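Take a look at the structure set out below.
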Amino acid sequence: MADTTGRSVLGVAVLVAAAVIAALVGYVLFVVVPGDLAELIGVVLTVAVVAVALKVAGGTLASRFADYTVAEVAVEGPITRDGDSPSFPPAPGSPGADEVVDQIERADEDPNAEALLVKLNTPGGQIVPSEDIRLAAERFDGPTVGYATDTCASGGYAIAVGCDELWAREGSVVGSIGVIGSRPNVHELADRLGVSYEQFTAGEYKDAGLPLKEVTPDERAYLQGIVDDYYDQFVEQVAEGRDMDEEAVRETEARVFLGTEAHERGLVDGLGDREAVLDRIEELTGHEAVVEEFTPGRGLMRRLRGGAAATAYALGAGVADAVAGDGSTGGNGAGDMRFRR
């Protein structure tokens, strides 16, 4: 306790010293030297210098005097590359896979983060973005523990197998080790409306899966083959990451299980609440588990765009409710074949 208080006092002292020094330097550079002609601009620039100095000093203090030992990164909602929801209207808020990877990499570079806690509450999503997060978790230099809260399914479970251990609640939904390839098919509706499909391609399967044409048996086999290949990769990853037999993984038949049965099947390592997970991390590191949540470092334009997206989402959701009547927001929408976990 005394040590923590001492560090806090030292931190405040450093911040004050940085602000005073920056103010003096700014005053000399932008007020004294230019003379009366630039006094107004000098004051503004002085304030700017103080702000920058405080930010730099604060960042240095956060790294040098931090008292956390565990970095927590959350994966929540559908997994996409940039965080945009595939639904209509798109639901904003969840960080994209690239942002999650950035958070894990920042935690890996942080000397205070001895362990990584990956909080998982996701139904899955796009295959390659999920894979990127899994690989980032695998590369973290230290114990990595996944913690499934409500749902850890499909792509979320793919991420979990990149962790050293996976914990869940008894009522968590875990599993769905499978792959979906989907596309809308509206060629019959187009025929009734008198809309014809005409496209010029090179390569027999270049337009396989497009919604305005009927799928031929050969195209169906081709697309199913892609799904099967993705599934084989998923099974291999789970078998290797969980130290399970591949046949045991396939026997799950892409079902989801409550935490208790998932534990019995070897899909998770332990059951418990957050405190139990932190106790386990303390066992792995030998130190008290003090958690620091790592969040996306979004700039001003990204935050402004997020605010606009939230407004658009609220409006779009209202329109969708009025049209659908039951509050649904539709499926994937028109487009090419989509593969997801």
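For the range 243-322, give me every one of the helices (runs of 4 or more DSSP H) that falls completely inside it and has 1 or more residues that are in the same structural domain as Ala74 (by TED's automatic domain parsing), out of contact with any helix residue (DSSP H, G or I) (no Cβ under 7 Å at 6 or more places or on another chain) and modelled with pLDDT of 95 or more. Steps first, answer last, please.
Details: elements: 246-250, 259-264, 274-285.
In the range 243-322, the matching helices (runs of 4 or more DSSP H) lie at 259-264, 274-285.
Residue-wise test of (1) surrounded by 12 or more Cβ atoms within 10 Å (Cβ to Cβ); (2) over 14 Å from Gly178 (Cβ atoms); (3) within 32 Å of the chain's Cα centre (by Cα).
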position	(1), (2), (3)
Phe200	no, yes, no
Glu204	no, yes, no
Pro211	yes, yes, yes
Tyr231	yes, no, yes
Gln237	yes, no, yes
Sort out which residues of the range 185-228 are under 22 Å from Arg340 (Cα atoms), modelled with pLDDT under 85 and of a type in the set (Val, Ile, Thr), and write them in order of number. Val186, Val215
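Give me the helices (runs of 4 or more DSSP H) completely within the range 106-207, filtered to those with at least 2 residues that are out of contact with any Gly (no Cβ under 9 Å at 6 or more places or on another chain), ordered by residue number. Break it down into steps so the answer makes sense when it comes.
Values: elements: 127-139, 155-160, 187-193.
Because the criterion is at least 2 residues that are out of contact with any Gly (no Cβ under 9 Å at 6 or more places or on another chain), the helices (runs of 4 or more DSSP H) in the range 106-207 that meet it are 127-139, 187-193.
The values are calculated or read from the model by the stated rules, or taken from the named source; none is laboratory data. Values in this document were obtained by computation on a predicted structure and should not be read as measured data. Every residue, glycine as well, gets a Cβ built from its backbone with ideal geometry; the counts of neighbours run over all protein chains shown.
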